[in-house]
Amino acid sequence: ELPTTTNRKLSAISAIYRYFIRQGHDIANPAQYVCRRKIADTIPNTIDPEQLRTAYENAIGTTRVMLGMLITTGIRLGELLAIRWGDINLHDNTIIIRGKGNKQRIVAVPDRQLEEIRYVAPRQNAEDTLFHTSQFETRCMIYQALTPYCHARQLSPHAIRHTFATQMAKAGASAPTIAQALGHSNLKSTQHYVDNAQAPS
């Protein structure tokens, strides 16, 4: 049985016993005496960059724009859908990204992506978002665009994010630089990209 499965079962047992204890039952939680199994670091799922580029070139409309943004910036899907027109600075090709905990960072965006945004989504009020689809709908659109051209364990917006970070590491970027680009506050979250890039093939 996988360590994650064991730990999940132990957490479920603990939750049940905590509920009974809160209800006034005088019982002990047996799961508290069982050590959780260590989960080994895993290599993030990535997509071959050439396959990703092919998928982007063959995508159309809004799907192409969103796919291009994910590929070139490494932002999260939720961050992409939260972008407002007022967040875009056309003078220096940057966009304000609101990450987890509403933390903001500035991300550079290639000219091509900004041109596609202006073409597909005509400018609206500053507070209006660029895209008007749900996370579920967008994830399905991205998956459908990737499936014919890419071969990965999991085709998803987050796999694109892992690919972006991996390519940065292979290009020589440091863990702090990658962390800043991804909006990570913990360097441990990005150090494994650097370690994997430096590992002998």
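The values are calculated or read from the model by the stated rules, or taken from the named source; none is laboratory data. Note that the structure is predicted; figures quoted are calculated from it, not measured. Every residue, glycine among them, receives a Cβ derived from its backbone with ideal geometry; neighbour counts consider all protein chains shown. With ligands, DNA and RNA removed, areas are computed over all heavy atoms of the protein, side chains included. Shrake-Rupley method; radii C 1.70, N 1.55, O 1.52, S 1.80 Å.
Residue by residue, here is whether (1) open to solvent by less than 10 Å² (accessible area, probe 1.4 Å); (2) over 26 Å from Lys188 (Cα atoms) holds:
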position: Gln51; (1), (2): no, yes
position: Thr54; (1), (2): no, yes
position: Gly68; (1), (2): yes, yes
position: Leu80; (1), (2): yes, no
position: Arg84; (1), (2): no, yes
position: His91; (1), (2): no, yes
position: Ile95; (1), (2): yes, no
position: Asn102; (1), (2): no, no
position: Leu114; (1), (2): yes, yes
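Could you look through the range 125-134, keep only residues that are open to solvent by 80 Å² or more (accessible area, probe 1.4 Å) and touching a residue at least 24 places away in the same chain (Cβ under 8 Å), and pick out the one that is nearest to the chain's Cα centre (by Cα)? Per the stated criteria, the residue is Glu127. When Arg139 is tested against the conditions (1) part of a loop (DSSP other than H, G, I, E, B); (2) open to solvent by 40 Å² or more (accessible area, probe 1.4 Å), the lone failure is (1).
Selection of first residues in the range 44-67 that are in contact (Cβ under 8 Å) with a residue 60 or more places away in the chain and of second residues that are of a type in the set (D, E, K, R) and not in a helix (DSSP H, G or I), restricted to Cβ pairs under 8 Å at least 6 apart or on distinct chains, gives the following pairs, ordered by first then second residue: Asn45/Arg153. Flag set for Ala159, criterion: touching a helix residue (DSSP H, G or I) at 6+ places or on another chain (Cβ under 9 Å) and within 15 Å of Tyr56 (Cα to Cα). Could you list, in sequence order, the residues of the range 72-124 that are over 28 Å from Glu50 (Cβ atoms), among the β-branched types (Val, Ile, Thr) and either touching a residue at least 40 places away in the same chain (Cβ under 8 Å) or touching a helix residue (DSSP H, G or I) at 6+ places or on another chain (Cβ under 8 Å) (or both)? Scanning the range 72-124 gives Ile88, Ile96. Summed over the range 145-176, residues that are assigned to a helix (DSSP H, G or I), in contact (Cβ under 8 Å) with a residue 24 or more places away in the chain and either open to solvent by 50 Å² or more (accessible area, probe 1.4 Å) or in contact with a Lys or Arg (Cβ under 9 Å, 6 or more places away or on another chain) (or both) total 7.
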